[in-house]
Amino acid sequence: MALRPIVTAPHPLLKQVSKPVEMVNDATRALVDDMLETMYAAPGIGLAAIQVGIPKRIITMDVSKEPDPPSPLVLINPEIVWSSDTEQSYEEGCLSFPDQYAEVDRPASIEVKYLDRDGKAQVLKAEGLLAVCIQHEMDHLEGVLFVDHLSTLKRSMILRRMGKAKRLNTAAE
Ligand code: NI
C-alpha cells in the first residue's frame, strides 16, 4: 500500500469524467487499498480515484465515527437507482479543497448499485451522512465538484481562496 498525492483545486483533472472499471482485478484492489490509506491519512471520509489522478469510477469512503470501529466502503462503477424527493442540507468539505466548507442540498436518501472490492454486485440504501458522501464522491466521477452546487458568488469566493493558497504554496516550494 502507498499514499498517493491528492489533486487539489483548481486542477483540470478534477473536471474530467471518469471511465468505468472493466474488470475488478488485483490492480484495481491495489488502487483501492492505496485510496483507502490516502483517505485515512488525509484524514477524510471519502475519496474518488480522480482525486489521486486516476480517471476510473472508483470511490472509497468511511463515515464511521469513533469509538465505532472503522467501516471502509468501496464502490466501483456506482449508479444511483433511486433518490428521494426530500432533500437535506449538509456542510460539505472535500480533500481537493482543503479547509473549505459549504452547505449543499442533495436528496436525503438514495439507493445505489455498485461492484464491491471483489467485483461482486451490491445494492445499498443510504441516508444521512452516508447518502451525502456517496453523492459527493459520485459527482467527482462526472467531473462535478461540491462548489458547482453553490451560487456563483459562493463558488467564486472559494475558488479565489483556493487559487491564492496554491500560489502561496508554489511560492514556498
Ligand atoms: Ni470531494
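Restrict the check to region 112-121 and report whether at least one residue is within 23 Å of E37 (Cα to Cα) and open to solvent by less than 20 Å² (accessible area, probe 1.4 Å). There is no residue in region 112-121 that is within 23 Å of E37 (Cα to Cα) and open to solvent by less than 20 Å² (accessible area, probe 1.4 Å).
Let's see how each residue does on (1) of a type in the set (G, A, S); (2) touching a Leu at 6+ places or on another chain (Cβ under 8 Å); (3) away from the ligand (no atom under 16 Å from the Cβ):
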| position | (1), (2), (3) |
| --- | --- |
| T60 | no, yes, no |
| D68 | no, no, yes |
| N77 | no, yes, yes |
| S84 | yes, no, yes |
| Q88 | no, no, yes |
| F97 | no, yes, no |
| Q100 | no, no, no |
| S109 | yes, no, yes |
| V112 | no, yes, yes |
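Beta carbons closer than 6 Å, at least 6 apart along the sequence or on distinct chains, pair a first residue in region 78-92 that is farther than 22 Å from A102 by Cα with a second that is among the charged types (D, E, K, R) for E79/K113; V81/E111; V81/K113; W82/E111. Note on region 31-52: residues that are in contact (Cβ under 8 Å) with a residue 12 or more places away in the chain and surrounded by fewer than 14 Cβ atoms within 10 Å (Cβ to Cβ) amount to 1. When S64 is tested against the conditions (1) surrounded by 13 or more Cβ atoms within 10 Å (Cβ to Cβ); (2) touching a residue at least 24 places away in the same chain (Cβ under 8 Å); (3) closer than 20 Å to M138 by Cβ, the lone failure is (2). I'd like the residue in region 125-144 that is buried (at least 18 other Cβ atoms within 10 Å of the Cβ) and either without any contact (Cβ under 8 Å) to a residue 40 or more places away in the chain or among the small types (G, A, S) (or both) and, out of all such residues, is farthest from the ligand (Cβ to nearest atom). So the residue we want is A126.
The values are calculated or read from the model by the stated rules, or taken from the named source; none is laboratory data. Fair warning: this is a prediction, and the values are worked out from it, not measured in the lab. As a convention, Cβ positions derive from the backbone with ideal geometry for all residues, glycine included, and neighbour counts pool all protein chains shown. Heavy atoms of the whole protein, side chains included, go into the accessibility calculation; ligands, DNA and RNA do not. Shrake-Rupley method; radii C 1.70, N 1.55, O 1.52, S 1.80 Å.
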